[in-house]
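The structure appears right after this line, and notes come after that.
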């Protein structure tokens, strides 16, 4: 069985993939071997091909997290790799914040990437070891810096991909209504395992808000078209995209897409709207006019406090009346930008690389050569009868996939896409590594 330094998994491509590839590119520049897979389609193939010293996960709430996704190095190979939790969600509402915490010793003993001092304190309060909490900043924040915005898709190419006339402007609506599609089982799981007792109430609120905001967007369609503006609806990664398309199929100047990373679409937009989304903080960083659509009020316990830094609109008329006078509350947004990004100096991925390098210098990675033939055969059989058919359906007949997999079929791993990002990042990575060495040296000398 081939040995490898790191397996890196992601959940949602548009949220995580570009920054995970950047992190992997930095790690490879240090001579480490890294393989990437998504949690739903390609994880089993990766685990059967190689065994790692380190497994990087997008989230890790409990032992059940790895068991439910079939990440079973223990039963296959007789050892437990070191787990690193990237914690892709670190800012919740009052009611959902417990959802972010590690809930058992397995999760608490992992290493944790923290974006801010606030979240580090939260992790420690939840039982994570202080020495296992890495205050590195958000790896995705590196891609918001000037050097990396040069790697974004151009506005011209974005318009072409979405079949929008080149002269048009873009109004982006970041949709965060995945809770409207939660099943009873999902709600029960959130309430029990993740201490989100009001998950059902939030799902009801989300369903109502989805219906109301879609009505606003449809009413905006014609007047914005007269202003030579197209609307891009950006569904949450876990939302069935076909459902949203059906709601606006008769609107000529509305496109429904999550094809590109959110930060790149925000960067190329002329107006950003949302209901509840932490992604709106990117629009503040890029200086984009931003509006929060709230046809109905949201209970404080479900809301995200920093959204008060933007202007609100209750009706489509409010949107039209405020288009030319949108402003930010910088005091509120600056505080939360620090909590969401940590650092905006472009070095967050390299801070994680430095921590991983320190980990690999230890002798805790001596692994037995044990392979459970029974478990290996079982997993190989699952790969043949489950994963291969899923991949074929995803490419040829995605409508035949089970509901959940159908809604996230665009999250599947693509080597071609990874290579495209690596090509974009490679020269920048070389330069950033050199500047990081100088930066680190100056930090040490000042310390």
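Would you confirm whether or not the range 47-64 contains a residue that is over 17 Å from the mean Cα position of the chain (by Cα) and free of Cβ contacts under 8 Å to residues at least 24 places away in the same chain? Before the answer, list the steps.
We begin by selecting, within the range 47-64, every residue over 17 Å from the mean Cα position of the chain (by Cα); these are 47-55, 62-64.
Now narrow it down to the ones that are free of Cβ contacts under 8 Å to residues at least 24 places away in the same chain: none.
Taking every residue of the range 47-64 in turn, none turns out to be over 17 Å from the mean Cα position of the chain (by Cα) and free of Cβ contacts under 8 Å to residues at least 24 places away in the same chain.
For residue 221, are the conditions met, namely being assigned by TED's automatic domain parsing to the domain that holds residue 274 and at pLDDT 95 or above?
Values: assigned by TED's automatic domain parsing to the domain that holds residue 274: yes; at pLDDT 95 or above: yes.
The answer is yes for residue 221.
Based on what the data block shows, is residue 391 at pLDDT below 85, touching a helix residue (DSSP H, G or I) at 6+ places or on another chain (Cβ under 7 Å) and surrounded by 14 or more Cβ atoms within 10 Å (Cβ to Cβ)? Walk me through how you get there before you give the answer.
Numbers: at pLDDT below 85: yes; touching a helix residue (DSSP H, G or I) at 6+ places or on another chain (Cβ under 7 Å): no; surrounded by 14 or more Cβ atoms within 10 Å (Cβ to Cβ): yes.
It is false that residue 391 is at pLDDT below 85, touching a helix residue (DSSP H, G or I) at 6+ places or on another chain (Cβ under 7 Å) and surrounded by 14 or more Cβ atoms within 10 Å (Cβ to Cβ).
Here are 227, 211, 249: which of them is modelled with pLDDT under 95 and over 22 Å from the mean Cα position of the chain (by Cα)? Quick ask: steps written out before the conclusion?
Values: 211 fails: modelled with pLDDT under 95; 249 fails: modelled with pLDDT under 95.
The unique qualifying residue is 227.
Only residues that are closer than 18 Å to residue 169 by Cα, surrounded by fewer than 22 Cβ atoms within 10 Å (Cβ to Cβ) and in contact with a helix residue (DSSP H, G or I) (Cβ under 6 Å, 6 or more places away or on another chain): list them for the range 268-284, please. Quick ask: steps written out before the conclusion?
First, pick out the residues of the range 268-284 that are closer than 18 Å to residue 169 by Cα: 268-274, 283.
Applying the additional criterion that residues be surrounded by fewer than 22 Cβ atoms within 10 Å (Cβ to Cβ) yields 268, 270-271.
268 - this is the single residue of the range 268-284 that is closer than 18 Å to residue 169 by Cα, surrounded by fewer than 22 Cβ atoms within 10 Å (Cβ to Cβ) and in contact with a helix residue (DSSP H, G or I) (Cβ under 6 Å, 6 or more places away or on another chain).
For the range 1-24, give me each residue that is at pLDDT 95 or above and surrounded by fewer than 21 Cβ atoms within 10 Å (Cβ to Cβ).
Those that are at pLDDT 95 or above and surrounded by fewer than 21 Cβ atoms within 10 Å (Cβ to Cβ): none in the range 1-24.
Can you confirm whether residue 231 is touching a residue at least 12 places away in the same chain (Cβ under 8 Å), under 22 Å from residue 155 (Cβ atoms) and either assigned to a helix (DSSP H, G or I) or not assigned by TED's automatic domain parsing to the domain that holds residue 166 (or both)? Let's see the steps before the verdict.
Details: touching a residue at least 12 places away in the same chain (Cβ under 8 Å): yes; under 22 Å from residue 155 (Cβ atoms): yes; either assigned to a helix (DSSP H, G or I) or not assigned by TED's automatic domain parsing to the domain that holds residue 166 (or both): no.
Taking the combined requirement at face value, the residue does not satisfy it.
Within the range 243-252, which residues are surrounded by fewer than 21 Cβ atoms within 10 Å (Cβ to Cβ) and in contact (Cβ under 8 Å) with a residue 24 or more places away in the chain?
Of the residues in the range 243-252, the ones surrounded by fewer than 21 Cβ atoms within 10 Å (Cβ to Cβ) are 243, 245-252.
Those that are surrounded by fewer than 21 Cβ atoms within 10 Å (Cβ to Cβ) and in contact (Cβ under 8 Å) with a residue 24 or more places away in the chain: 243, 247, 248, 251, 252.
Only one residue in 356, 352 is within 19 Å of the chain's Cα centre (by Cα), modelled with pLDDT of 70 or more, within 19 Å of residue 9 (Cβ to Cβ) and in a helix (DSSP H, G or I). Which one? Spell out how you get there, then give the answer.
Numbers: 356 fails: within 19 Å of the chain's Cα centre (by Cα).
From the options 356, 352, the qualifying one is 352.
The values are calculated or read from the model by the stated rules, or taken from the named source; none is laboratory data. Small disclaimer: the values here were computed from a predicted structure and weren't measured. Counting neighbours? That spans all protein chains shown, and the Cβs are built from the backbone with ideal geometry, glycine included.
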